[in-house]
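In what follows, a single structure is set out as structure tokens and then discussed.
The values are calculated or read from the model by the stated rules, or taken from the named source; none is laboratory data. As the structure is a computational prediction, the values presented were derived from the model and not from experiment. We place every Cβ from the backbone using ideal geometry, glycine too, and count neighbours over all the protein chains shown. To get the accessible areas, we keep the full protein, side chains included, count just its heavy atoms, and leave off ligands, DNA and RNA. Shrake-Rupley method; radii C 1.70, N 1.55, O 1.52, S 1.80 Å.
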Amino acid sequence: MFRSWSHLYRSRFPYQELAPLTSIESSLLSNNSVIHGLVDNRSKQWAGFTLLEFYSSSTLLAYLATNPDFENQGLARKLVNAQLEKYLTEKSPYFWLEANPKLWSFYKKLGFQRLPIPYVIPEFYGAGTEFMGLFVKTHVSVTKIPKTVIHSFVSDLLLSGYGIKDSDVRYKQQMKTIQDYPQTEFDVENRD
């Protein structure tokens with residue numbers, strides 16, 4: 001099943017966004033991440049999946065993919081909603097994701113809020129970065145998102161999720177961008 005999953009994973013994301021399979025395997029074995037998905041009974045192939053990573057008081061939707069044979073059937077929405085229902089709790093009140101601009105409207109329809117802070121992710125196999133949007137959905141108990149929460153989450157994500165060092169210029173630039181952003185907190189947008 002992991003081999004079948006890895007085939008779908010590699011086929012659906014650009015090379016520079018693909019975490020090494022060995023680091024995913026290590027994260028899965030240490031319970032720092034989990035893969036949820038659906039497998040087609042006939043073909044025994046993955047129809048779609050989410051890969052979640054767990055951080056202090058937060059969950060990250062690291063990857064979401066649908067097999068091309070199952071697109072436009074609402075599967076991605078169902079997978080995300082199932083994970084929100086399970087992992088967005090009072091103890092873990094932030095559910096984050098990073099999204100390419102072409103996917104922003106999809107995540108907004110699911111109730112995610114894009115934070116206005118400029119956001120880039122490091123490439124896995126190079127020294128460059130890629131422009132993304134940082135999105136969050138919060139537990140109903142959260143009405144404001146302090147900038148300190150964003151700073152802490154992004155720092156953890158870059159250091160442990162992407163495996164870059166705090167001396168890396170990409171880390172320093174992203175942390176400075178967040179630190180220098182004029183707002184100290186963000187209102188949670190109405191999700192209805």
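Just to be sure before I move on: is ARG10 charged (D, E, K, R) and within 16 Å of the chain's Cα centre (by Cα) in the structure I sent? So that I can check it myself, show each step before the final result.
Details: charged (D, E, K, R): yes; within 16 Å of the chain's Cα centre (by Cα): no.
The answer is no for ARG10.
Quick test for you: out of ASN31, ASN72, pick the one residue that is at pLDDT 95 or above and at positive phi. Outline the logic, then answer.
Working: ASN72 fails: at pLDDT 95 or above.
Within the list ASN31, ASN72, the selection yields ASN31.
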Any residue at all in the stretch 38-59 that's closer than 21 Å to ILE145 by Cα, part of a loop (DSSP other than H, G, I, E, B) and in contact with a strand residue (DSSP E or B) (Cβ under 9 Å, 6 or more places away or on another chain)?
yes
Residue by residue through the stretch 164-188, note down the ones that are β-branched (Val, Ile, Thr) and open to solvent by less than 40 Å² (accessible area, probe 1.4 Å).
ILE164, ILE178, VAL188
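Go through the stretch 16-26 and give me each residue that's among the charged types (D, E, K, R) and loosely packed, with under 14 Cβ neighbours inside 10 Å.
Restricting attention to the stretch 16-26, the residues satisfying the condition of being among the charged types (D, E, K, R) are 17, 25.
Of everything in the stretch 16-26, just one residue is among the charged types (D, E, K, R) and loosely packed, with under 14 Cβ neighbours inside 10 Å, namely GLU25.
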In the stretch 61-88, what residues are among the polar types (S, T, N, Q), outside any helix (DSSP H, G or I) and surrounded by 12 or more Cβ atoms within 10 Å (Cβ to Cβ)?
THR66, ASN67, GLN73
For the stretch 15-31, which residues satisfy the criterion of being free of Cβ contacts under 8 Å to residues at least 60 places away in the same chain and either over 20 Å from GLU123 (Cα atoms) or among the hydroxyl-bearing types (Ser, Thr, Tyr) (or both)?
THR22, SER26, SER27, LEU28, LEU29, SER30, ASN31
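I need a count of the residues in the stretch 98-116 that are open to solvent by less than 50 Å² (accessible area, probe 1.4 Å) and more than 21 Å from HIS139 (Cα to Cα). Please lay out each step first, then the result.
Step one: filter the stretch 98-116 for residues open to solvent by less than 50 Å² (accessible area, probe 1.4 Å), giving 98-100, 104, 107, 110-113, 115.
Filter once more, keeping what is more than 21 Å from HIS139 (Cα to Cα): 100.
Selection size over the stretch 98-116: 1.
Considering PHE13, PHE49, PHE95, which residue is surrounded by fewer than 20 Cβ atoms within 10 Å (Cβ to Cβ) and closer than 23 Å to GLY133 by Cβ?
Details: PHE49 fails: surrounded by fewer than 20 Cβ atoms within 10 Å (Cβ to Cβ); PHE95 fails: surrounded by fewer than 20 Cβ atoms within 10 Å (Cβ to Cβ).
Result of the check over PHE13, PHE49, PHE95: PHE13.
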For the stretch 140-163, which positions are within 23 Å of LYS108 (Cα to Cα), buried (at least 16 other Cβ atoms within 10 Å of the Cβ) and of a type outside the set (A, V, I, L, M)?
LYS147, HIS151, PHE153
